[in-house]
1. What are the residues in the range 306-315 that are open to solvent by 10 Å² or more (accessible area, probe 1.4 Å) and either within 12 Å of the chain's Cα centre (by Cα) or at positive phi (or both), if any?
2. Which condition does Asp254 not pass, out of (1) open to solvent by 20 Å² or more (accessible area, probe 1.4 Å); (2) within 25 Å of Asp17 (Cβ to Cβ), if it passes all the others?
3. Can Gly105 be described as open to solvent by 10 Å² or more (accessible area, probe 1.4 Å) and either free of Cβ contacts under 8 Å to residues at least 12 places away in the same chain or within 15 Å of the chain's Cα centre (by Cα) (or both)?
4. Output the residues belonging to the range 245-269 that are of a type outside the set (Phe, Trp, Tyr) and part of a strand (DSSP E or B).
5. Looking at the range 338-418, what helices (runs of 4 or more DSSP H) fall wholly within it and have at least 2 residues that are free of Cβ contacts under 8 Å to residues at least 24 places away in the same chain and open to solvent by 10 Å² or more (accessible area, probe 1.4 Å)?
6. Name every residue in the range 39-76 that is in contact with a Lys or Arg (Cβ under 6 Å, 6 or more places away or on another chain) and outside any strand (DSSP E or B), in order of residue number.
Amino acid sequence: MAEEANPFESLQSQIDDAAAYLDVDDDVIERLKHPERVLETNLTVEMDDGSLERFTAFRSQFNGDRGPYKGGIRYHPQVSRDEVKALSGWMTYKTATVDIPLGGGKGGIIIDPADYSESELERVTRAFATELRPLIGEDRDIPAPDVNTGQREMNWIKDTYETLENTTEPGVITGKNISSGGSEGRVEATGRSTVIAAREAFDYLDKDLEGATVAVQGYGNAGWIAAKLIDEMGATVVAASDSSGGIYNPDGFDPVAAKDHKNETGSVVGYEESEEEITNEDVLTLDVDLLIPAALENAIDADLAEDVKADVISEAANGPLTPDADEVLEDKDVFVIPDILANAGGVTVSYFEWVQNRQRFHWTEERVNEELEAHIVDAFDSLVETIEEHDLENPRTATYVVAIQRVADSFEEAGSFP
(Lines give C-alpha, C1' and ligand atoms only; values in the text may rest on other atoms or scores of the structure.)
Protein backbone atom coordinates (compact mmCIF):
# COMPACT_ATOMS: atom_id res chain seq x y z
CA MET A 1 0.00 0.00 0.00
CA ALA A 2 1.16 3.53 -0.71
CA GLU A 3 1.76 6.01 2.09
CA GLU A 4 -1.56 7.14 3.55
CA ALA A 5 -2.75 10.46 2.18
CA ASN A 6 -3.05 13.44 4.49
CA PRO A 7 -6.81 14.18 4.55
CA PHE A 8 -6.33 17.95 4.81
CA GLU A 9 -4.06 17.93 1.77
CA SER A 10 -6.67 15.82 -0.04
CA LEU A 11 -9.33 18.45 0.70
CA GLN A 12 -7.11 21.25 -0.57
CA SER A 13 -6.34 19.28 -3.74
CA GLN A 14 -10.07 18.81 -4.38
CA ILE A 15 -10.66 22.55 -3.97
CA ASP A 16 -7.82 23.35 -6.39
CA ASP A 17 -9.28 20.96 -8.98
CA ALA A 18 -12.64 22.71 -8.85
CA ALA A 19 -11.19 26.24 -8.74
CA ALA A 20 -9.96 25.84 -12.33
CA TYR A 21 -13.61 25.97 -13.46
CA LEU A 22 -14.64 28.93 -11.28
CA ASP A 23 -14.49 32.66 -11.78
CA VAL A 24 -13.36 33.21 -8.19
CA ASP A 25 -10.24 35.19 -7.26
CA ASP A 26 -7.22 33.17 -6.16
CA ASP A 27 -7.06 34.97 -2.81
CA VAL A 28 -10.66 33.97 -2.07
CA ILE A 29 -9.91 30.36 -3.02
CA GLU A 30 -6.90 30.44 -0.68
CA ARG A 31 -9.16 31.62 2.14
CA LEU A 32 -11.58 28.79 1.43
CA LYS A 33 -8.81 26.17 1.78
CA HIS A 34 -8.12 26.82 5.48
CA PRO A 35 -10.16 26.72 8.71
CA GLU A 36 -11.03 29.96 10.44
CA ARG A 37 -9.97 28.57 13.82
CA VAL A 38 -9.04 25.28 15.49
CA LEU A 39 -9.37 24.50 19.19
CA GLU A 40 -6.90 21.99 20.62
CA THR A 41 -7.49 21.15 24.24
CA ASN A 42 -6.31 18.61 26.81
CA LEU A 43 -8.96 16.98 28.94
CA THR A 44 -7.85 15.59 32.31
CA VAL A 45 -10.51 13.19 33.54
CA GLU A 46 -10.81 10.97 36.62
CA MET A 47 -11.14 7.26 35.84
CA ASP A 48 -13.26 4.77 37.77
CA ASP A 49 -10.21 3.66 39.79
CA GLY A 50 -9.45 7.22 40.90
CA SER A 51 -6.52 7.76 38.53
CA LEU A 52 -6.32 10.70 36.13
CA GLU A 53 -6.00 10.33 32.37
CA ARG A 54 -5.32 12.97 29.74
CA PHE A 55 -7.11 13.09 26.37
CA THR A 56 -6.36 15.43 23.45
CA ALA A 57 -9.42 16.87 21.75
CA PHE A 58 -10.06 19.21 18.81
CA ARG A 59 -12.79 21.39 17.32
CA SER A 60 -12.24 22.94 13.90
CA GLN A 61 -14.51 25.75 12.70
CA PHE A 62 -13.73 25.84 9.00
CA ASN A 63 -16.12 28.36 7.51
CA GLY A 64 -19.19 30.27 8.69
CA ASP A 65 -20.00 32.36 5.63
CA ARG A 66 -23.33 30.58 5.01
CA GLY A 67 -24.41 30.11 8.64
CA PRO A 68 -23.41 28.60 12.00
CA TYR A 69 -20.65 25.99 11.96
CA LYS A 70 -22.06 22.46 11.75
CA GLY A 71 -20.38 19.11 12.12
CA GLY A 72 -19.91 15.98 14.14
CA ILE A 73 -17.69 14.88 17.00
CA ARG A 74 -15.83 11.57 16.65
CA TYR A 75 -14.12 9.37 19.25
CA HIS A 76 -11.28 7.40 17.65
CA PRO A 77 -7.59 6.61 18.33
CA GLN A 78 -6.63 8.03 14.91
CA VAL A 79 -8.23 11.45 15.39
CA SER A 80 -5.70 14.15 14.48
CA ARG A 81 -5.61 17.90 13.97
CA ASP A 82 -5.32 17.56 10.18
CA GLU A 83 -8.15 15.00 10.05
CA VAL A 84 -10.49 17.31 11.95
CA LYS A 85 -9.51 20.28 9.76
CA ALA A 86 -10.24 18.22 6.64
CA LEU A 87 -13.56 16.94 7.94
CA SER A 88 -14.66 20.46 8.87
CA GLY A 89 -13.80 21.60 5.34
CA TRP A 90 -15.73 18.73 3.77
CA MET A 91 -18.66 19.68 5.98
CA THR A 92 -18.49 23.29 4.74
CA TYR A 93 -18.85 22.15 1.14
CA LYS A 94 -21.35 19.45 2.06
CA THR A 95 -23.81 21.95 3.55
CA ALA A 96 -23.31 24.15 0.48
CA THR A 97 -23.86 21.19 -1.87
CA VAL A 98 -27.31 20.49 -0.41
CA ASP A 99 -27.93 24.25 -0.07
CA ILE A 100 -28.71 24.50 3.64
CA PRO A 101 -27.80 27.69 5.55
CA LEU A 102 -24.98 26.31 7.66
CA GLY A 103 -21.19 26.37 7.64
CA GLY A 104 -18.74 23.60 8.45
CA GLY A 105 -17.10 22.35 11.63
CA LYS A 106 -15.82 19.09 13.09
CA GLY A 107 -14.52 17.80 16.40
CA GLY A 108 -12.87 14.75 17.84
CA ILE A 109 -11.18 13.17 20.83
CA ILE A 110 -8.20 10.82 20.59
CA ILE A 111 -9.74 7.88 22.41
CA ASP A 112 -10.83 4.29 21.84
CA PRO A 113 -14.23 4.22 23.55
CA ALA A 114 -14.13 0.42 23.77
CA ASP A 115 -11.42 0.78 26.44
CA TYR A 116 -13.56 2.84 28.83
CA SER A 117 -16.68 2.38 30.94
CA GLU A 118 -19.87 4.31 30.28
CA SER A 119 -19.29 6.49 33.35
CA GLU A 120 -15.74 7.29 32.17
CA LEU A 121 -17.01 8.18 28.69
CA GLU A 122 -19.63 10.43 30.24
CA ARG A 123 -16.98 12.31 32.23
CA VAL A 124 -14.78 12.65 29.12
CA THR A 125 -17.74 13.92 27.11
CA ARG A 126 -18.80 16.42 29.74
CA ALA A 127 -15.21 17.65 30.08
CA PHE A 128 -15.10 18.28 26.33
CA ALA A 129 -18.50 19.96 26.41
CA THR A 130 -17.19 22.31 29.09
CA GLU A 131 -14.24 23.27 26.86
CA LEU A 132 -16.59 23.74 23.88
CA ARG A 133 -19.00 25.92 25.87
CA PRO A 134 -17.59 29.29 24.68
CA LEU A 135 -17.63 28.16 21.04
CA ILE A 136 -20.94 26.37 20.59
CA GLY A 137 -24.53 27.56 20.56
CA GLU A 138 -27.53 27.31 18.26
CA ASP A 139 -26.43 30.47 16.41
CA ARG A 140 -22.67 29.77 16.58
CA ASP A 141 -21.63 26.12 16.26
CA ILE A 142 -23.88 23.07 16.38
CA PRO A 143 -22.09 19.71 16.93
CA ALA A 144 -23.56 16.31 16.07
CA PRO A 145 -22.64 12.60 16.25
CA ASP A 146 -19.90 11.03 14.16
CA VAL A 147 -17.70 7.92 14.40
CA ASN A 148 -18.22 6.16 17.76
CA THR A 149 -20.63 8.78 19.09
CA GLY A 150 -24.40 8.87 19.06
CA GLN A 151 -27.52 10.02 20.85
CA ARG A 152 -26.10 9.24 24.30
CA GLU A 153 -23.09 11.53 23.88
CA MET A 154 -25.18 14.29 22.29
CA ASN A 155 -27.59 14.21 25.24
CA TRP A 156 -24.64 14.54 27.66
CA ILE A 157 -23.28 17.54 25.74
CA LYS A 158 -26.70 19.20 25.62
CA ASP A 159 -27.21 18.70 29.35
CA THR A 160 -23.73 20.01 30.21
CA TYR A 161 -24.17 23.12 28.07
CA GLU A 162 -27.68 23.86 29.34
CA THR A 163 -26.60 23.34 32.96
CA LEU A 164 -23.58 25.65 32.68
CA GLU A 165 -25.52 28.27 30.72
CA ASN A 166 -28.59 27.95 32.97
CA THR A 167 -30.85 27.79 29.92
CA THR A 168 -32.90 25.48 27.71
CA GLU A 169 -31.34 25.32 24.25
CA PRO A 170 -32.02 22.00 22.48
CA GLY A 171 -30.72 23.46 19.19
CA VAL A 172 -27.16 23.63 20.57
CA ILE A 173 -26.58 20.10 19.28
CA THR A 174 -28.24 17.61 16.94
CA GLY A 175 -28.45 13.85 16.77
CA LYS A 176 -30.23 13.68 20.14
CA ASN A 177 -32.81 11.17 21.34
CA ILE A 178 -36.33 11.96 20.15
CA SER A 179 -37.44 12.68 23.73
CA SER A 180 -34.57 15.17 24.11
CA GLY A 181 -35.45 17.11 20.98
CA GLY A 182 -34.08 14.82 18.30
CA SER A 183 -35.59 14.41 14.85
CA GLU A 184 -37.42 11.52 13.28
CA GLY A 185 -35.36 9.96 10.50
CA ARG A 186 -31.97 11.15 11.80
CA VAL A 187 -30.53 7.67 12.48
CA GLU A 188 -31.22 6.51 8.91
CA ALA A 189 -30.40 9.81 7.20
CA THR A 190 -26.81 9.19 6.08
CA GLY A 191 -27.54 5.74 4.69
CA ARG A 192 -30.73 7.04 3.08
CA SER A 193 -29.01 9.86 1.20
CA THR A 194 -26.28 7.46 0.06
CA VAL A 195 -28.83 5.24 -1.70
CA ILE A 196 -31.00 8.12 -3.00
CA ALA A 197 -27.88 9.53 -4.66
CA ALA A 198 -27.02 6.07 -6.02
CA ARG A 199 -30.53 5.68 -7.41
CA GLU A 200 -30.26 9.05 -9.16
CA ALA A 201 -26.84 8.11 -10.58
CA PHE A 202 -28.15 4.80 -11.96
CA ASP A 203 -31.02 6.68 -13.60
CA TYR A 204 -28.63 9.30 -15.05
CA LEU A 205 -26.35 6.56 -16.41
CA ASP A 206 -29.35 4.63 -17.75
CA LYS A 207 -28.55 1.64 -15.55
CA ASP A 208 -31.11 -0.60 -13.85
CA LEU A 209 -30.95 -0.62 -10.05
CA GLU A 210 -33.31 -3.60 -9.90
CA GLY A 211 -31.05 -6.63 -9.45
CA ALA A 212 -27.86 -4.57 -9.36
CA THR A 213 -25.11 -6.08 -7.19
CA VAL A 214 -23.87 -4.06 -4.20
CA ALA A 215 -20.87 -4.31 -1.87
CA VAL A 216 -20.73 -2.33 1.40
CA GLN A 217 -17.39 -1.69 3.10
CA GLY A 218 -18.04 -0.71 6.71
CA TYR A 219 -21.16 -2.09 8.41
CA GLY A 220 -21.77 0.57 11.01
CA ASN A 221 -24.82 2.82 11.09
CA ALA A 222 -24.46 4.35 7.62
CA GLY A 223 -23.32 1.13 5.95
CA TRP A 224 -25.93 -1.28 7.19
CA ILE A 225 -28.80 1.17 6.69
CA ALA A 226 -27.62 1.85 3.14
CA ALA A 227 -27.55 -1.92 2.59
CA LYS A 228 -31.08 -2.31 3.98
CA LEU A 229 -32.52 0.54 1.91
CA ILE A 230 -30.78 -0.44 -1.35
CA ASP A 231 -32.10 -3.99 -0.84
CA GLU A 232 -35.62 -2.57 -0.47
CA MET A 233 -35.11 -0.77 -3.81
CA GLY A 234 -34.54 -4.13 -5.49
CA ALA A 235 -30.74 -4.30 -5.57
CA THR A 236 -28.83 -7.34 -4.30
CA VAL A 237 -26.31 -6.92 -1.48
CA VAL A 238 -23.60 -9.52 -2.11
CA ALA A 239 -20.82 -8.39 0.25
CA ALA A 240 -20.28 -6.47 3.48
CA SER A 241 -17.40 -5.93 5.86
CA ASP A 242 -16.40 -4.40 9.18
CA SER A 243 -13.08 -4.02 10.99
CA SER A 244 -12.91 -7.79 11.57
CA GLY A 245 -13.33 -8.85 7.94
CA GLY A 246 -15.93 -9.38 5.25
CA ILE A 247 -18.61 -11.75 3.99
CA TYR A 248 -19.60 -12.62 0.42
CA ASN A 249 -22.46 -14.43 -1.26
CA PRO A 250 -22.81 -13.94 -5.04
CA ASP A 251 -26.55 -14.66 -4.76
CA GLY A 252 -27.03 -12.00 -2.10
CA PHE A 253 -28.06 -12.09 1.55
CA ASP A 254 -30.43 -10.40 3.98
CA PRO A 255 -28.67 -7.20 5.13
CA VAL A 256 -30.87 -6.86 8.22
CA ALA A 257 -30.10 -10.41 9.36
CA ALA A 258 -26.40 -9.69 8.79
CA LYS A 259 -26.72 -6.67 11.08
CA ASP A 260 -28.48 -8.80 13.69
CA HIS A 261 -25.57 -11.24 13.53
CA LYS A 262 -23.12 -8.38 14.02
CA ASN A 263 -25.09 -7.13 17.03
CA GLU A 264 -24.93 -10.59 18.58
CA THR A 265 -21.30 -11.43 17.81
CA GLY A 266 -19.55 -8.09 17.24
CA SER A 267 -18.87 -8.72 13.54
CA VAL A 268 -20.52 -9.69 10.27
CA VAL A 269 -17.91 -12.45 9.98
CA GLY A 270 -19.49 -15.84 10.53
CA TYR A 271 -22.93 -14.82 9.26
CA GLU A 272 -24.71 -18.00 8.14
CA GLU A 273 -25.78 -16.73 4.69
CA SER A 274 -22.17 -15.97 3.76
CA GLU A 275 -20.60 -18.39 1.31
CA GLU A 276 -17.10 -17.01 1.73
CA GLU A 277 -15.17 -14.89 4.22
CA ILE A 278 -13.16 -12.17 2.50
CA THR A 279 -11.02 -9.18 3.47
CA ASN A 280 -11.98 -5.51 3.48
CA GLU A 281 -9.76 -5.06 0.43
CA ASP A 282 -11.62 -7.87 -1.34
CA VAL A 283 -14.94 -6.10 -0.68
CA LEU A 284 -13.59 -2.92 -2.28
CA THR A 285 -12.42 -4.73 -5.42
CA LEU A 286 -15.36 -7.04 -6.12
CA ASP A 287 -16.95 -6.98 -9.57
CA VAL A 288 -20.20 -5.27 -8.53
CA ASP A 289 -22.49 -2.63 -9.98
CA LEU A 290 -22.38 -0.40 -6.88
CA LEU A 291 -19.74 -0.01 -4.18
CA ILE A 292 -20.56 1.80 -0.94
CA PRO A 293 -17.46 2.64 1.12
CA ALA A 294 -18.87 3.41 4.57
CA ALA A 295 -15.87 3.21 6.91
CA LEU A 296 -13.06 5.77 7.42
CA GLU A 297 -11.17 8.02 5.03
CA ASN A 298 -8.43 6.84 2.64
CA ALA A 299 -9.92 3.36 2.21
CA ILE A 300 -8.99 3.36 -1.49
CA ASP A 301 -5.63 4.67 -2.71
CA ALA A 302 -4.29 4.75 -6.25
CA ASP A 303 -2.89 1.20 -6.10
CA LEU A 304 -6.14 -0.30 -4.86
CA ALA A 305 -8.16 1.82 -7.30
CA GLU A 306 -6.48 -0.06 -10.16
CA ASP A 307 -8.33 -3.17 -8.95
CA VAL A 308 -11.72 -1.57 -8.33
CA LYS A 309 -14.34 -3.09 -10.65
CA ALA A 310 -17.52 -1.31 -9.52
CA ASP A 311 -19.37 0.82 -12.06
CA VAL A 312 -20.69 3.31 -9.49
CA ILE A 313 -19.33 4.33 -6.08
CA SER A 314 -21.51 6.16 -3.55
CA GLU A 315 -19.40 7.48 -0.69
CA ALA A 316 -21.16 6.94 2.63
CA ALA A 317 -17.87 7.64 4.45
CA ASN A 318 -16.00 10.94 4.48
CA GLY A 319 -12.98 10.99 2.18
CA PRO A 320 -12.79 7.25 1.39
CA LEU A 321 -10.84 7.90 -1.85
CA THR A 322 -7.49 9.62 -2.08
CA PRO A 323 -7.07 12.23 -4.86
CA ASP A 324 -4.76 9.83 -6.72
CA ALA A 325 -7.44 7.14 -6.53
CA ASP A 326 -9.93 9.61 -7.97
CA GLU A 327 -7.72 10.09 -11.01
CA VAL A 328 -7.41 6.35 -11.56
CA LEU A 329 -11.16 5.80 -11.26
CA GLU A 330 -11.90 8.70 -13.60
CA ASP A 331 -9.68 7.06 -16.23
CA LYS A 332 -11.64 3.83 -15.71
CA ASP A 333 -15.00 5.66 -16.16
CA VAL A 334 -16.18 4.80 -12.65
CA PHE A 335 -18.95 7.22 -11.64
CA VAL A 336 -18.10 8.40 -8.11
CA ILE A 337 -20.83 10.16 -6.14
CA PRO A 338 -18.73 12.26 -3.75
CA ASP A 339 -19.14 12.17 0.00
CA ILE A 340 -20.25 15.80 0.19
CA LEU A 341 -23.38 14.78 -1.72
CA ALA A 342 -23.83 11.07 -1.04
CA ASN A 343 -23.60 11.17 2.75
CA ALA A 344 -25.09 14.66 3.17
CA GLY A 345 -28.29 13.17 4.57
CA GLY A 346 -26.85 13.26 8.07
CA VAL A 347 -26.22 16.99 8.11
CA THR A 348 -29.43 17.69 6.18
CA VAL A 349 -31.61 15.99 8.78
CA SER A 350 -29.47 17.56 11.51
CA TYR A 351 -30.46 20.87 9.93
CA PHE A 352 -34.10 19.78 10.07
CA GLU A 353 -33.61 18.90 13.76
CA TRP A 354 -32.11 22.34 14.41
CA VAL A 355 -35.06 23.99 12.63
CA GLN A 356 -37.52 21.97 14.71
CA ASN A 357 -35.68 22.89 17.92
CA ARG A 358 -35.74 26.58 17.01
CA GLN A 359 -39.45 26.41 16.23
CA ARG A 360 -40.25 24.10 19.18
CA PHE A 361 -42.16 22.01 16.66
CA HIS A 362 -41.83 18.30 15.79
CA TRP A 363 -41.96 16.99 12.21
CA THR A 364 -43.23 13.53 11.25
CA GLU A 365 -40.80 10.97 9.84
CA GLU A 366 -42.67 11.12 6.53
CA ARG A 367 -42.06 14.87 6.26
CA VAL A 368 -38.39 14.50 7.20
CA ASN A 369 -37.82 11.83 4.55
CA GLU A 370 -39.69 13.79 1.87
CA GLU A 371 -37.68 16.94 2.60
CA LEU A 372 -34.43 14.94 2.62
CA GLU A 373 -35.21 13.32 -0.72
CA ALA A 374 -35.97 16.73 -2.26
CA HIS A 375 -32.63 18.17 -1.08
CA ILE A 376 -30.57 15.20 -2.33
CA VAL A 377 -32.34 15.03 -5.69
CA ASP A 378 -31.92 18.78 -6.20
CA ALA A 379 -28.23 18.50 -5.30
CA PHE A 380 -27.75 15.66 -7.79
CA ASP A 381 -29.53 17.66 -10.48
CA SER A 382 -27.13 20.57 -9.83
CA LEU A 383 -24.23 18.11 -10.16
CA VAL A 384 -25.50 16.92 -13.55
CA GLU A 385 -26.06 20.48 -14.78
CA THR A 386 -22.49 21.39 -13.83
CA ILE A 387 -21.04 18.28 -15.46
CA GLU A 388 -22.80 19.18 -18.70
CA GLU A 389 -22.09 22.94 -18.50
CA HIS A 390 -18.34 22.48 -18.04
CA ASP A 391 -18.00 19.17 -19.92
CA LEU A 392 -16.57 17.54 -16.79
CA GLU A 393 -15.90 13.85 -16.35
CA ASN A 394 -15.28 13.90 -12.60
CA PRO A 395 -18.48 14.19 -10.52
CA ARG A 396 -16.48 15.21 -7.45
CA THR A 397 -14.98 18.21 -9.22
CA ALA A 398 -18.43 19.19 -10.49
CA THR A 399 -19.89 19.00 -6.97
CA TYR A 400 -17.09 21.18 -5.58
CA VAL A 401 -17.67 23.71 -8.37
CA VAL A 402 -21.26 24.07 -7.15
CA ALA A 403 -20.36 24.16 -3.45
CA ILE A 404 -17.36 26.51 -3.64
CA GLN A 405 -19.28 28.96 -5.80
CA ARG A 406 -22.06 29.11 -3.20
CA VAL A 407 -19.62 29.71 -0.32
CA ALA A 408 -17.62 32.26 -2.32
CA ASP A 409 -20.80 34.12 -3.25
CA SER A 410 -21.81 34.37 0.42
CA PHE A 411 -18.36 35.66 1.38
CA GLU A 412 -18.21 38.24 -1.40
CA GLU A 413 -21.78 39.46 -0.85
CA ALA A 414 -21.04 40.06 2.85
CA GLY A 415 -17.89 42.04 2.15
CA SER A 416 -14.61 41.80 4.05
CA PHE A 417 -14.35 42.67 7.76
CA PRO A 418 -12.36 44.28 9.18
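The values are calculated or read from the model by the stated rules, or taken from the named source; none is laboratory data. All values reported here derive from a predicted model rather than from experimental measurement. Positions of Cβ are generated from backbone atoms using ideal geometry, with glycine treated the same way; all protein chains shown enter the neighbour counts. Surface areas here come from the heavy atoms of the whole protein model, side chains and all, with no ligands, DNA or RNA. Shrake-Rupley method; radii C 1.70, N 1.55, O 1.52, S 1.80 Å.
1. The initial filter retains those residues of the range 306-315 that are open to solvent by 10 Å² or more (accessible area, probe 1.4 Å), namely 306-307, 309, 311.
Listed by number, the list is empty, since nothing qualifies.
2. That leaves (2) as the condition not met.
3. In short, no.
4. Within the range 245-269, Gly245, Gly246, Ile247 meet the criteria.
5. Numbers: elements: 339-342, 345-359, 365-390, 395-414.
Helices (runs of 4 or more DSSP H) meeting the threshold: 345-359, 365-390, 395-414.
6. Selection gives Pro68 alone.
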